[in-house]
Number of protein chains: 2
Amino acid sequence: MAKDEADLHVERWRDHWVLDKGFDDDVEAMTVRIGNIFKWFKLTTKEAVARVGLQDFEYETLHALMIRDTPGRASPGELAQEMGVSNAGVTGRLDSMEKKGWLKRMPGAEDRRRVEVEATREGLRLWREAMDLRGSAEDDVVTVLSKEELATLNRLLKKMTLYVEARQASGD
Amino acid sequence: MAKDEADLHVERWRDHWVLDKGFDDDVEAMTVRIGNIFKWFKLTTKEAVARVGLQDFEYETLHALMIRDTPGRASPGELAQEMGVSNAGVTGRLDSMEKKGWLKRMPGAEDRRRVEVEATREGLRLWREAMDLRGSAEDDVVTVLSKEELATLNRLLKKMTLYVEARQASGD
DNA sequence: AGAAGGTTATTCGGCAGCGAAATATTCGTC
DNA sequence: GACGAATATTTCGCTGCCGAATAACCTTCT
């Protein structure tokens, strides 16, 4: 079977002077592969987002708004946490996106310190359009796997995510 | 088996109004899992990098310098391409890192438009230290998989990376 | 040889995001 | 019910990065 970048990477480093300690080939290769696949998804998403005329951070904000328990609505603070962006950063995003009419801010109902952010019809439309393009690109990659292989992949990945999520919940 | 975030995500969206088109549960879950694992690796790397007293972009630059065919040396343009950063951005990084003594710039030998960037002994030392911590965190996650499972995972991931790399090489 | 065109790195102006401080509102307690 | 602590958001100054323009250099063609 042909070599991929991860194979080349591992070969290049094995016994090379740059590293003073050894490393596990399989772990290193797996890490590189996960990274490369992720970056590919990120790139195709970027292209999809650009095609519908959104900036990256605008799509990300709409996306964060949609993947919530309460899709389409959130407070700035929640968005900040879920996007891994500072509160100040969210304020900036909301300012520009509200101006463009893709979401609107409303004063919190019972707690007036809060602000309710809601996607507009137009914001939702653009996000859906980008999601559709994005999904096609992902489906495309997955065609190289059989249904059983995809199931196996998910089973193994899930073992890892369960562990990671446990670590996040406790230690952090 | 317990549910992970990807399971919850898929359940939440199935037949929800936010999406107008359906999506493949397994593909969506796989994408989310890859993303979450990648982000975990990124986070642990960030912690490792912070512990040795490097900023993210400083580690990334040293790393780009080390994973090359010619480890420890490169031109700014090459680094820009490999890091996915603009040439201007690289100039800024090199300015500050050279000032701190982690790398040095030298005029290109036969082509004097070029600049040769070289990591210093101290830069190499810090990068190695961060790499060591980073590697431990990755090994840690992988302990949830048996040796055979890791091999299977790599086989499936490699199917995808080979496809992705072919796409990158041709279409882009 | 000399001009034209391409390549490589840097400078410049602008923007998104961060951390800290400021502001506005609510909660807790006496 | 009033005062201080807690919470939610925004404002402010700064940093890192990008795209475009610039400077220095190489190559090719005539």
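Could you tell me which of the residues B:Lys147, B:Lys158 is over 21 Å from the mean Cα position of the chain (by Cα) and open to solvent by 20 Å² or more (accessible area, probe 1.4 Å)? Don't jump to the end; show me each part of the working.
Values: B:Lys158 fails: over 21 Å from the mean Cα position of the chain (by Cα).
Being over 21 Å from the mean Cα position of the chain (by Cα) and open to solvent by 20 Å² or more (accessible area, probe 1.4 Å) holds for just one of B:Lys147, B:Lys158, which is B:Lys147.
Identify, please: which residue in the range A:70-85 is of a type in the set (S, T, N, Q) and within 14 Å of DNA strand C (Cβ to nearest atom) and is, among those, least open to solvent (accessible area, probe 1.4 Å)?
Looking only at the range A:70-85, we keep the residues that are of a type in the set (S, T, N, Q), and these are A:70, A:75, A:81.
Subset that is within 14 Å of DNA strand C (Cβ to nearest atom): A:75, A:81.
Numbers: A:Ser75: 11, A:Gln81: 154 Å².
Step by step, filter the range A:70-85, then rank; the result is A:Ser75.
Note down all Cβ pairs under 9 Å where the first residue falls in the range A:78-89 and is within 14 Å of another protein chain (Cβ to nearest Cβ), the second is more than 9 Å from DNA strand D (Cβ to nearest atom) and outside any helix (DSSP H, G or I), and they're at least six residues apart or on different chains.
A:Glu82/A:Ile67; A:Glu82/A:Arg68
Kindly list the number of the only condition in (1) within 16 Å of DNA strand D (Cβ to nearest atom); (2) modelled with pLDDT of 95 or more that fails for B:Pro107.
B:Pro107 satisfies all of (1) within 16 Å of DNA strand D (Cβ to nearest atom); (2) modelled with pLDDT of 95 or more except (2).
Among the residues that make up the range B:28-41, is at least one of them more than 13 Å from chain A (Cβ to nearest Cβ) and open to solvent by less than 30 Å² (accessible area, probe 1.4 Å)?
no
Just the residues that are open to solvent by 30 Å² or more (accessible area, probe 1.4 Å) and within 21 Å of the chain's Cα centre (by Cα), please, taken from the range A:106-122.
Scanning the range A:106-122 gives a single hit, A:Glu118.
Which condition number does B:Arg51 fail, the rest of (1) in contact (Cβ under 8 Å) with a residue 40 or more places away in the chain; (2) under 28 Å from B:Asn154 (Cα atoms); (3) surrounded by fewer than 19 Cβ atoms within 10 Å (Cβ to Cβ) being met?
Condition not satisfied by B:Arg51: (2).
Does A:Asp56 fit the bill of being within 14 Å of chain B (Cβ to nearest Cβ), without any contact (Cβ under 8 Å) to a residue 60 or more places away in the chain and surrounded by fewer than 18 Cβ atoms within 10 Å (Cβ to Cβ)?
Numbers: within 14 Å of chain B (Cβ to nearest Cβ): yes; without any contact (Cβ under 8 Å) to a residue 60 or more places away in the chain: yes; surrounded by fewer than 18 Cβ atoms within 10 Å (Cβ to Cβ): yes.
So A:Asp56 fits the description; yes.
Taking the stated definitions as given, is A:Ala88 within 9 Å of DNA strand D (Cβ to nearest atom) and surrounded by fewer than 19 Cβ atoms within 10 Å (Cβ to Cβ)? Give the derivation first.
Details: within 9 Å of DNA strand D (Cβ to nearest atom): yes; surrounded by fewer than 19 Cβ atoms within 10 Å (Cβ to Cβ): yes.
When the stated conditions are applied, A:Ala88 passes them.
Which count do you get for residues in the range B:143-172 that are at the interface with chain A (Cβ under 7 Å from one of its Cβ atoms) and hydroxyl-bearing (Ser, Thr, Tyr)?
3
Kindly check whether there is at least one residue in the range A:162-169 that is open to solvent by less than 70 Å² (accessible area, probe 1.4 Å) and in contact (Cβ under 8 Å) with a residue 12 or more places away in the chain.
Checking the range A:162-169: not a single residue is open to solvent by less than 70 Å² (accessible area, probe 1.4 Å) and in contact (Cβ under 8 Å) with a residue 12 or more places away in the chain.
Report, by residue number, each residue of the range B:1-20 that is facing chain A (nearest Cβ under 9 Å), open to solvent by less than 60 Å² (accessible area, probe 1.4 Å) and in a helix (DSSP H, G or I).
Once the filter is applied, which keeps residues that are facing chain A (nearest Cβ under 9 Å), open to solvent by less than 60 Å² (accessible area, probe 1.4 Å) and in a helix (DSSP H, G or I), the range B:1-20 yields B:Ala6, B:Asp7, B:His9, B:Trp13.
Could you check the range B:129-142 and list, in sequence order, the residues that are at the interface with another protein chain (Cβ under 8 Å from one of its Cβ atoms) and open to solvent by 60 Å² or more (accessible area, probe 1.4 Å)? Break it down stepwise before answering.
Residues of the range B:129-142 at the interface with another protein chain (Cβ under 8 Å from one of its Cβ atoms): B:131-132, B:135, B:138-139, B:141-142.
Selection gives B:Asp132, B:Asp139.
Could you check B:Leu103 against (1) without any contact (Cβ under 8 Å) to a residue 40 or more places away in the chain; (2) away from every other protein chain (no Cβ under 13 Å); (3) touching a strand residue (DSSP E or B) at 6+ places or on another chain (Cβ under 6 Å); (4) open to solvent by less than 40 Å² (accessible area, probe 1.4 Å) and say which number it fails?
Only one criterion is unmet by B:Leu103, namely (1).
Away from every other protein chain (no Cβ under 14 Å), within 13 Å of DNA strand C (Cβ to nearest atom) and surrounded by 15 or more Cβ atoms within 10 Å (Cβ to Cβ), is that true of B:Met97?
Working: away from every other protein chain (no Cβ under 14 Å): yes; within 13 Å of DNA strand C (Cβ to nearest atom): yes; surrounded by 15 or more Cβ atoms within 10 Å (Cβ to Cβ): yes.
Criteria met by B:Met97.
Could you tell me whether A:Phe23 is of a type in the set (A, V, I, L, M, F, W, C), within 9 Å of chain B (Cβ to nearest Cβ), over 16 Å from the mean Cα position of the chain (by Cα) and open to solvent by 20 Å² or more (accessible area, probe 1.4 Å)?
Values: of a type in the set (A, V, I, L, M, F, W, C): yes; within 9 Å of chain B (Cβ to nearest Cβ): yes; over 16 Å from the mean Cα position of the chain (by Cα): yes; open to solvent by 20 Å² or more (accessible area, probe 1.4 Å): yes.
It is true that A:Phe23 is of a type in the set (A, V, I, L, M, F, W, C), within 9 Å of chain B (Cβ to nearest Cβ), over 16 Å from the mean Cα position of the chain (by Cα) and open to solvent by 20 Å² or more (accessible area, probe 1.4 Å).
Could you list all residues from the range B:59-75 that are away from DNA strand D (no atom under 14 Å from the Cβ), out of contact with any Lys or Arg (no Cβ under 9 Å at 6 or more places or on another chain) and more than 10 Å from chain A (Cβ to nearest Cβ)?
B:Thr70, B:Arg73, listed by residue number.
Return yes or no: is B:Arg125 open to solvent by 20 Å² or more (accessible area, probe 1.4 Å) and more than 19 Å from the chain's Cα centre (by Cα)?
Working: open to solvent by 20 Å² or more (accessible area, probe 1.4 Å): yes; more than 19 Å from the chain's Cα centre (by Cα): yes.
Yes: the conditions hold for B:Arg125.
The values are calculated or read from the model by the stated rules, or taken from the named source; none is laboratory data. Everything numeric here is computed off the predicted structure, so don't read it as measured data. Don't worry about glycine lacking a Cβ; one is built from the backbone with ideal geometry, like all the others, and counts go over all protein chains shown. Heads up: the accessible areas ignore ligands, DNA and RNA and are worked out on the full protein's heavy atoms, side chains in. Shrake-Rupley method; radii C 1.70, N 1.55, O 1.52, S 1.80 Å.
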